[in-house]
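Reviewing the structure listed below.
The values are calculated or read from the model by the stated rules, or taken from the named source; none is laboratory data. Quantities reported herein were computed from a predicted structural model and do not represent experimental measurements. Here the Cβ positions follow ideal geometry from the backbone for every residue, glycine too, while neighbour counts run over all protein chains shown. Note: accessible area is taken over every heavy atom of the protein model, side chains too, but ligands, DNA and RNA are not part of it. Shrake-Rupley method; radii C 1.70, N 1.55, O 1.52, S 1.80 Å.
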Amino acid sequence: MPRMKNLMRDRRIWEHPILTFKRGRKVRFFFEGREVEAYEGESIAAALYAIGVDIFSYSVKLGRPRGAFCMIGKCSSCFMRVDGVPNTRTCIEPVRDGLRVWRQEGLAEIPAEGGGADVEEEEVLDTDVLVIGGGPAGLSAALATAKYGLSTVVVNEHFKLGGQLLKQTHKFFGSKGLFGGLRGFQIGEELSRRVMENPNVKVLLQTAAYGIFRGGWVGLACSNKLYRVKPKAVIVASGASENFLTFPGNDLPGVMGAGGAQTLMNEYGILPGDEVLTVGSGNVGLIVSYQLLQAGARVKAIVEILPEIGGWFVHAAKVRRYGVPILTRHTLKAVWGGERVEGATIVEVDDKFRPIPGSERDIECDLVLVAVGLTPDTRLFAQAGAVMRWVPEAGGPVPLRTRYLEVCIPGMYVAGDASGIEEATAAMLEGEVAGLSAVTKLADSKPEVVERREKLLEFLWNEYRASPLLARARAGKQSVTVSEEEMEEIRRKNPPFVSFG
């Protein structure tokens with residue numbers, strides 16, 4: 001039987017200088033036989049973390065504790081048994097009255113047929129465009145296709161739309177058309193509202209696209225139903241997953257991705273930790289460290305293995321004003337603790353990134369924030385047979401595409417972090433470009449569509465990405481963007497087994 005742990009503390013944030021958390025009605029469910037309280041709109045993982053549950057499962061081989069890491073359904077750290085169904089990603093499963101939740105230990109048992117749920121017959125969906133992903137890129141793409149009368153289905157694994165925008169609290173720069181002056185979560189809410197109210201868009205929440213098959217069929221699955229879709233165009237905006245680091249103790253609860261901490265803190269109003277050590281001084285590491293300080297945590301230090309800070313000066317200045325040291329040429333040697341992080345050992349490195357003996361230093365903390373970048377989630381492209389390239393500047397493996405974001409599979413488009421890691425503004429721009437590209441192929445040709453698409457591309461490449469701060473992202477995207485003629489040659493040499501349209 002899984003080991004029990006006392007539920008003693010409340011980690012919810014009740015006062016915040018920027019955010020007001022609109023918690024829903026109280027919900028009661030059962031955790032390992034004990035009734036606990038949560039709030040409507042929270043995920044199971046967030047609700048448990050809020051009341052002091054650090055351990056969600058135990059590893060299969062060694063029985064080591066596992067806790068929250070990414071909080072967006074991209075890893076397996078939050079797998080639990082929910083109403084008899086094992087391996088439930090509790091970070092994207094909403095709380096409901098009467099749920100029965102148990103930790104997992106060892107291999108999950110195969111549930112009875114249906115896992116306690118009523119399984120419906122498979123449904124065939126008819127739509128012009130299938131958009132996979134409900135973040136800034138996917139929502140922008142759906143709004144573009146729906147505007148010109150194309151029936152559009154949006155598939156999202158989470159139980160709400162908005163993606164990573166929902167946990168971004170900083171104000172966006174730029175024009176009103178790019179939501180300048182609004183905070184990220186406000187943009188996410190606005191895009192979600194527009195999509196949900198659009199009569200040409202059907203939204204499937206808590207639904208995954210599990211495969212692309214010959215004949216142009218796409219398989220979708222939710223907890224109690226399967227769908228088959230044969231769209232005329234597919235736009236994949238599946239986002240990215242957080243990178244991890246290898247060090248002793250890296251699997252302890254309390255070692256958390258920066259995005260996971262943002263989700264708990266900014267989306268659900270739950271403090272991820274009291275004393276924090278951040279690994280990585282890029283924009284994400286600096287921004288999330290600052291947000292933790294705003295929420296009441298103490299950031300003990302930020303360590304960076306490179307000789308220079310990776311993020312923008314303005315973000316570094318904010319944390320330094322709080323007295324937080326940013327230690328360049330330092331890295332994490334180990335994390336230690338019992339069933340949760342209790343501290344970490346950092347070490348200085350030489351110019352070849354080798355640890356310098358005798359420079360070790362222990363830092364007591366209960367949260368180690370891992371902010372070392374993202375990897376594009378491009379599994380659907382690889383599975384569908386798209387030609388891929390490993391591009392470090394883009395964050396990992398990404399598909400080759402034309403200027404109009406069509407990959408070598410006809411009728412399939414890429415947008416957002418799945419096309420290479422970049423900021424949310426770029427994701428919204430790419431989403432709209434991908435949507436308009438689908439419109440040009442499927443709807444009656446309208447000069448305004450082509451004109452709008454060219455205007456967006458001109459701004460994206462020659463203004464937005466012209467900043468020296470975005471040189472790496474620009475180089476990554478340029479390296480995998482080919483002309484229409486080059487794409488035709490790629491298709492001739494690598495005939496796709498599937499196409500849309």
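When its C-alpha radius of gyration is set against 2.2 N^0.38 Å (N residues), region 273-369 gives a value of 1.03.
As an exercise, use a Förster radius of 35 Å and the Cβ-Cβ distance of residue 484 and residue 210 to find the FRET efficiency, rounded to the nearest 0.05. Spell out each step's value before the answer.
Details: r = 31 Å, r/R0 = 0.89.
So the FRET efficiency works out to roughly 0.65.
If you average the sequence gap of Cα pairs under 8 Å that are 6 or more apart and divide by the length of the chain, what percent do you get for the contact order? It rounds to 15 percent for the chain. Projecting label points 7 angstrom from Cα along Cα→Cβ for residue 390 and residue 493 puts them 1.9 nm apart. Relative to the globular-protein estimate of 2.2 N^0.38 Å, the Cα radius of gyration of the chain stands at 0.98. Across every pair of non-identical alpha carbons in region 73-183, the mean reciprocal distance, once inverted, gives a Kirkwood radius of 17.3 Å. For region 114-249, place one equal point scatterer on every Cα, skip the solvent, and apply the Debye formula. What is log10 of I(q)/I(0) at q = 0.16, 0.17, 0.21 Å⁻¹? Rounded to two decimals, the profile gives -0.86, -0.93, -1.22. In this simple spin-label model, placing a label point 7 Å from the Cα along the Cα-to-Cβ direction at both residue 461 and residue 26 gives a separation of 5.8 nm.
Evaluated with a Cβ-only charge set (Lys, Arg +1; Asp, Glu -1), the chain carries a dipole of roughly 420 debye about its Cα centre, given to the nearest 20. For region 376-499, the spread of Cα coordinates along the three principal axes comes to 39, 38, 23 Å, biggest extent given first.
Taking Cα centre as origin and charging only the Cβ of basic (Lys, Arg, +1) and acidic (Asp, Glu, -1) residues, the dipole magnitude of region 339-433 rounds to 640 debye. For chymotrypsin sites (Phe, Trp or Tyr not before Pro), the sites in region 333-404 that DSSP calls loop and that have at most 13 other Cβ atoms within 10 Å are 353.
Taking all protein chains as they are arranged and a probe of 1.4 Å, the heavy atoms of residue 217 leave approximately 70 Å² accessible to solvent.
Between residue 40 and residue 126, the simple label model (points 7 Å from Cα in the Cβ direction) yields a spacing of 3.6 nm.
The solvent-accessible area of residue 300, taken with every protein chain present and a 1.4 Å probe, is close to 50 Å².
How charged is the neighbourhood of residue 141? Take every other residue with its Cβ under 13 Å from the Cβ of residue 141, and add Lys/Arg as +1 and Asp/Glu as -1.
It works out to a net charge of -1.
Other residues lying with their Cβ under 15 Å from the Cβ of residue 28 contribute a combined charge of -1, Lys and Arg counting +1, Asp and Glu -1.
Beyond 26 Å between alpha-carbons counts as too far, so tell me which of 160/333; 167/441; 26/160; 167/318; 74/232 fall in that bin. Violating the 26 Å Cα-Cα cut-off are 160/333; 167/441; 74/232.
Considering only beta bridges that DSSP places wholly inside the chain, some 55 percent are antiparallel. Estimated translational diffusion coefficient (Stokes-Einstein, Kirkwood radius over Cα pairs, 4 °C, 1.567 mPa s) of region 30-70: 114 µm² per second. Under conditions of 20 °C and 1.002 mPa s, region 1-94 yields 151 µm² s⁻¹ as its translational diffusion coefficient, taking Rh as the Kirkwood radius over Cα pairs in the Stokes-Einstein equation. Per-residue extension of 0.36 nm, minus the Cα-Cα distance of residue 336 and residue 354, leaves a gain of 4.4 nm for this segment. Gain on full extension, evaluated as 0.36 nm per residue between residue 362 and residue 230 minus their Cα-Cα distance, stands at 41.9 nm. Loop-only check: which GluC sites (Glu not before Pro) in region 46-125 are DSSP coil with at most 11 other Cβ within 10 angstrom? For GluC sites (Glu not before Pro) across region 46-125 that sit outside H, G, I, E and B with at most 11 neighbouring Cβ atoms in 10 Å, the list reads 109, 120, 121.
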